[in-house]
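Data block below; observations after.
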Amino acid sequence: MPPAAAFLFHDRRFVVLDKPPGLAVHAGPSGGPSVEDVFPQLSRRKDGPWLVHRLDADTSGCLIIALRRAALIAAQALFASGAVRKTYWAVVEGDVRGTDGMVSAPLRRVSDRTGWRMVADPGFAQPAITDWRVLGTGGGLTWLELRPRTGRTHQIRVHCAMLGTPILGDERYGTGGGRLHLLARAIHLPLAPPVDATAPPPPHMLAALERCGLRDRQDR
């Protein structure tokens, strides 16, 4: 595990890692380093640990790992019911119209010779809803706080592109050029006791965030 991956929360039930950008949560068909490489260091129990949810390899921030099966089942039930509060930060290209709003657009996976991507499909059965608000602007960029109510693949990336402001560095839904500027900023599981974690911005996002006013805010 790269040294940038730190514990944001740790008890007998869960670990919340600050996943660095570029690290997959599990090894793909071609192998390579992943979050699962650290599992033997987290628990010596015969079963587990388990990923409670997933983040794209290029997304940094809060990633929950369950250390016990009962904790895994409880957390997955909260995710399935929409009770988990997830907060993301993104730096997007351009200016968003308005100060806050909601994107509601079901997403469907499509594939062609160049690979796969998610596209908006109003007729698709599963909803995909993201609330957003502007935290700052500067230099042709906008800093957004995003709260997804659902957890579809690439949901935030597609919804930002639908606003006309793709995420900076998004090669699939934007113009690319550098790392993806998307952070799983905070997560809250309403358990007893609750699980709360907040991740700091990764180094590659700091310059763009500061252009949008990060230094002037208290929540960095």
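For the reader, a short list of remarks on this structure follows.
- Amide H contacts under 5 Å for Leu182, placed H, 5+ residues apart: Ser60
- Phi angles of segment 17-28 translate, via the Karplus equation with coefficients 6.51, -1.76, 1.60 and θ = phi - 60°, into HN-Hα couplings of 9, 8, 5, x, x, x, 9, 6, 7, 9, 5, x Hz per residue; Gly and Pro are given as x.
- Spatial separation of Cα centroids for segment 170-220 and segment 118-136, in angstrom: 19
- Each residue, Thr99 and Arg215, gets one label point 7 Å from its Cα in the Cβ direction; the gap between the two is 2.4 nm.
- Taking other residues whose beta carbon is less than 9 angstrom from the beta carbon of Gly61, and scoring Lys, Arg as +1 and Asp, Glu as -1, yields +1.
- When segment 82-220 is reduced to its Cα atoms, the Kirkwood hydrodynamic radius in Å: 15.7
- Length released on extending from Ala192 to Arg149, taking residue separation times 0.36 nm less the Cα-Cα span: 13.3 nm
- Charge tally for Gly101 (other residues, Cβ to Cβ under 14 Å; Lys, Arg +1; Asp, Glu -1): 0.
- Once the mean of 1/r is taken over each pair of separate Cα atoms and inverted, segment 1-140 shows a Kirkwood hydrodynamic radius of 17.8 Å.
- Under 5 Å between amide hydrogens, built in the peptide plane, is the criterion, and for Phe14 it picks out Leu67 among residues at least 5 positions away or on other chains.
- A helix-only calculation puts the chain at -4500 deg cm²/dmol for mean residue ellipticity at 222 nm, using -39500 (n - 2.57) for each DSSP H run of at least four residues, averaged over all residues.
- Counting only heavy atoms of the protein chains and using a 1.4 Å probe, Thr175 has close to 100 Å² of accessible surface.
- Rounded to whole Hz, the Karplus (6.51, -1.76, 1.60) HN-Hα couplings of segment 143-155, x for glycine and proline: 9, 10, 9, 10, 10, x, 7, 10, x, 6, 4, 6, 4
- On the basis of the beta-carbon distance and an R0 of 22 Å, Arg133 and Ala207 show a calculated FRET efficiency of 0.50.
- By DSSP, the beta bridges lying fully in the chain are antiparallel in about 95 percent of cases.
The values are calculated or read from the model by the stated rules, or taken from the named source; none is laboratory data. Small disclaimer: the values here were computed from a predicted structure and weren't measured. Cβ: placed from backbone, ideal geometry, glycine included. Neighbour counts: every protein chain shown. Calculation scope for accessible area: heavy atoms of the full protein, side chains included, ligands and nucleic acids excluded. Shrake-Rupley method; radii C 1.70, N 1.55, O 1.52, S 1.80 Å.
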